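First the structure, in the form of structure tokens, and then the observations on it.
The values are calculated or read from the model by the stated rules, or taken from the named source; none is laboratory data. Note that the structure is predicted; figures quoted are calculated from it, not measured. In this analysis, Cβ positions are derived from the backbone assuming ideal geometry, glycine residues included, and neighbour counts consider all displayed protein chains. Heavy atoms of the whole protein, side chains included, go into the accessibility calculation; ligands, DNA and RNA do not. Shrake-Rupley method; radii C 1.70, N 1.55, O 1.52, S 1.80 Å.
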Amino acid sequence: MTIAHRAPAVDAAGVDEAADWLRDRGHRVSAARRLVLEALFAADEPVSAERIAAGLDGALPESDLASVYRNLDTLERLGLVRHFHAGHGAGMYALAREQEYVACNSCGEVRALDAERFDSVRELIRRDLGITARFDHFPIVGLCARCEAATQPDDERS
């Protein structure tokens, strides 16, 4: 099981700003680390380390998978990246934002939502169970509307 790092989120606007932030704190921005940052900023959704190493389906050069994992771990410890697990698949990585996720356990769609949209759910759990809930490492899973509609008998879809 992987551990979610809890560094405060760093909300960089782009690769150069993230690289400058790293350098300002004494961290190297190697070609491999920059490539990971470029992949995360280029992706329009959370991505697996494997997809980053494969070059985002040809959009970027391929990388060594072990190097990608090392850089993702470092960037997460520093607060630039977050990872979460949606179902039984590989961990998914995204830039650190004040977001939490919902995932369809049928088609695999993952949607990022502003964390504040979960405030009422968190408050209900805190009030009823005494637990301060977070949905950042394990998203809320269920069926998206499209998959749920596909499971309905034809006479119920009309």
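Do you know which residues across the range 51-61 are assigned to a loop (DSSP other than H, G, I, E, B) and closer than 18 Å to Val15 by Cβ?
Passing the criteria: Ala59, Leu60, Pro61.
Of all residues being in contact with a Lys or Arg (Cβ under 6 Å, 6 or more places away or on another chain) and of a type in the set (A, V, I, L, M, F, W, C) in the range 101-148, which is farthest from Glu45 (Cα to Cα)? Just the residue, please.
Across the range 101-148, the extreme among qualifying residues is Ala133.
Restricting the range 63-79 to residues that are of a type in the set (Asp, Glu) and assigned to a helix (DSSP H, G or I), which is nearest to the chain's Cα centre (by Cα)?
Per the criteria, the residue is Glu76.
Exactly one condition in (1) open to solvent by 60 Å² or more (accessible area, probe 1.4 Å); (2) without any contact (Cβ under 8 Å) to a residue 24 or more places away in the chain; (3) outside any helix (DSSP H, G or I); (4) closer than 18 Å to Pro8 by Cα is not met by Arg97; state its number.
(2)
Filter the range 133-158 for residues that are assigned to a loop (DSSP other than H, G, I, E, B) and open to solvent by 90 Å² or more (accessible area, probe 1.4 Å); which is nearest to Arg82 (Cα to Cα)?
Restricting to residues being assigned to a loop (DSSP other than H, G, I, E, B) and open to solvent by 90 Å² or more (accessible area, probe 1.4 Å), the top hit is Phe138.
Given the structure, is Leu35 open to solvent by 10 Å² or more (accessible area, probe 1.4 Å), outside any helix (DSSP H, G or I) and over 15 Å from Val10 (Cβ atoms)?
When the stated conditions are applied, Leu35 does not pass them.
How do the pairs read when you match residues in the range 117-132 that are open to solvent by 80 Å² or more (accessible area, probe 1.4 Å) with residues anywhere that are of a type in the set (S, T, N, Q), using Cβ under 7 Å and keeping only pairs 6 or more apart or on different chains?
Arg126/Thr132
Taking the range 38-72, which residues are open to solvent by 50 Å² or more (accessible area, probe 1.4 Å), in contact (Cβ under 8 Å) with a residue 24 or more places away in the chain and more than 23 Å from Ala103 (Cα to Cα)?
Once the filter is applied, which keeps residues that are open to solvent by 50 Å² or more (accessible area, probe 1.4 Å), in contact (Cβ under 8 Å) with a residue 24 or more places away in the chain and more than 23 Å from Ala103 (Cα to Cα), the range 38-72 yields Pro61, Asp64.
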